[in-house]
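The values are calculated or read from the model by the stated rules, or taken from the named source; none is laboratory data. Computed from a predicted model, the values in this text were never measured in an experiment. Ideal geometry is used to build each Cβ from the backbone, glycine not excepted, and the neighbour counts take in all protein chains shown. The area values use the complete protein model at the heavy-atom level, side chains included, leaving out ligands, DNA and RNA. Shrake-Rupley method; radii C 1.70, N 1.55, O 1.52, S 1.80 Å.
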Amino acid sequence: MLNDPLFIITAIACGVVAVILAMGISTFGKEGKDNGKRANKFMRWRIIAQFIAVALILIFVYIRRQTGG
(Lines give C-alpha, C1' and ligand atoms only; values in the text may rest on other atoms or scores of the structure.)
Protein backbone atom coordinates (compact mmCIF):
# COMPACT_ATOMS: atom_id res chain seq x y z
CA MET A 1 0.00 0.00 0.00
CA LEU A 2 2.89 2.37 0.62
CA ASN A 3 3.69 2.29 -3.10
CA ASP A 4 0.18 3.46 -4.03
CA PRO A 5 0.25 7.22 -4.83
CA LEU A 6 -3.42 7.66 -3.90
CA PHE A 7 -2.76 6.15 -0.47
CA ILE A 8 0.15 8.54 0.08
CA ILE A 9 -1.96 11.54 -0.97
CA THR A 10 -4.76 10.40 1.33
CA ALA A 11 -2.36 9.99 4.25
CA ILE A 12 -0.92 13.46 3.64
CA ALA A 13 -4.45 14.93 3.51
CA CYS A 14 -5.24 13.34 6.88
CA GLY A 15 -2.02 14.78 8.29
CA VAL A 16 -2.93 18.23 7.00
CA VAL A 17 -6.30 17.98 8.77
CA ALA A 18 -4.54 17.06 12.02
CA VAL A 19 -2.12 20.00 11.73
CA ILE A 20 -4.91 22.49 10.99
CA LEU A 21 -6.91 21.12 13.93
CA ALA A 22 -3.93 21.50 16.27
CA MET A 23 -3.30 25.05 15.09
CA GLY A 24 -6.97 25.96 15.58
CA ILE A 25 -7.13 24.45 19.06
CA SER A 26 -3.93 26.21 20.13
CA THR A 27 -5.38 29.52 18.93
CA PHE A 28 -8.56 29.02 20.98
CA GLY A 29 -6.51 29.07 24.19
CA LYS A 30 -5.15 32.57 23.60
CA GLU A 31 -7.02 35.69 24.57
CA GLY A 32 -7.91 38.51 22.26
CA LYS A 33 -10.47 39.37 19.66
CA ASP A 34 -8.14 38.64 16.74
CA ASN A 35 -7.27 35.19 18.07
CA GLY A 36 -10.94 34.20 18.15
CA LYS A 37 -11.32 35.20 14.52
CA ARG A 38 -8.14 33.33 13.62
CA ALA A 39 -9.34 30.21 15.44
CA ASN A 40 -12.63 30.30 13.53
CA LYS A 41 -10.73 30.65 10.25
CA PHE A 42 -8.62 27.61 11.15
CA MET A 43 -11.75 25.61 11.89
CA ARG A 44 -13.26 26.58 8.53
CA TRP A 45 -10.06 25.45 6.81
CA ARG A 46 -10.22 22.21 8.80
CA ILE A 47 -13.74 21.49 7.57
CA ILE A 48 -12.67 21.99 3.95
CA ALA A 49 -9.53 19.87 4.39
CA GLN A 50 -11.50 17.19 6.21
CA PHE A 51 -14.04 17.04 3.37
CA ILE A 52 -11.22 16.57 0.87
CA ALA A 53 -9.58 13.88 3.05
CA VAL A 54 -12.83 11.94 3.42
CA ALA A 55 -13.49 12.17 -0.32
CA LEU A 56 -9.99 10.83 -1.01
CA ILE A 57 -10.53 7.97 1.44
CA LEU A 58 -13.78 7.03 -0.28
CA ILE A 59 -12.15 7.19 -3.71
CA PHE A 60 -9.26 5.06 -2.46
CA VAL A 61 -11.59 2.41 -1.03
CA TYR A 62 -13.72 2.40 -4.19
CA ILE A 63 -10.71 1.96 -6.47
CA ARG A 64 -9.23 -0.77 -4.25
CA ARG A 65 -12.50 -2.72 -4.31
CA GLN A 66 -12.80 -2.40 -8.09
CA THR A 67 -9.26 -3.60 -8.76
CA GLY A 68 -9.35 -6.33 -6.13
CA GLY A 69 -6.27 -4.98 -4.39
Inter-part distance where the stretch 1-22 and the stretch 30-45 are each reduced to a Cα centre, Å
24
Rounded to whole Hz, the Karplus (6.51, -1.76, 1.60) HN-Hα couplings of the stretch 20-33, x for glycine and proline:
4, 4, 5, 5, x, 5, 5, 6, 4, x, 8, 8, x, 5
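Considering only protein heavy atoms, what per residue accessible area in square angstrom results for the chain with a 1.4 angstrom probe?
On a per-residue basis, 76 Å².
After finding the eigenvalues of the alpha carbon gyration tensor for the chain, what semi-axes result from the square roots of 5 times each, listed largest first in whole Å?
Gyration-tensor ellipsoid for the chain: 33, 10, 6 Å.
Compute the FRET efficiency between residue 31 and residue 57 as 1/(1 + (r/R0)^6), taking r as their Cβ-Cβ distance and R0 = 25 Å, and round to the nearest 0.05. Write out the running numbers ahead of the final one.
On the way: r = 37 Å, r/R0 = 1.47.
E(calc), rounded to 0.05, equals 0.10.
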Virtual spin-label span in nm between residue 19 and residue 38, 7 Å along Cα→Cβ:
1.7
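So, with +1 on the Cβ of K and R and -1 on the Cβ of D and E, and no other charges, what is the size of the charge dipole of the chain about its Cα centre, to the nearest 20 debye? List each step's numbers first, then the result.
On the way: 9 positive and 3 negative charges, 53 e Å.
Dipole magnitude for the chain comes out near 260 debye.
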Contact order relative to length for the chain, counting C-alpha pairs under 8 Å separated by 6 or more residues, stands in percent at 38
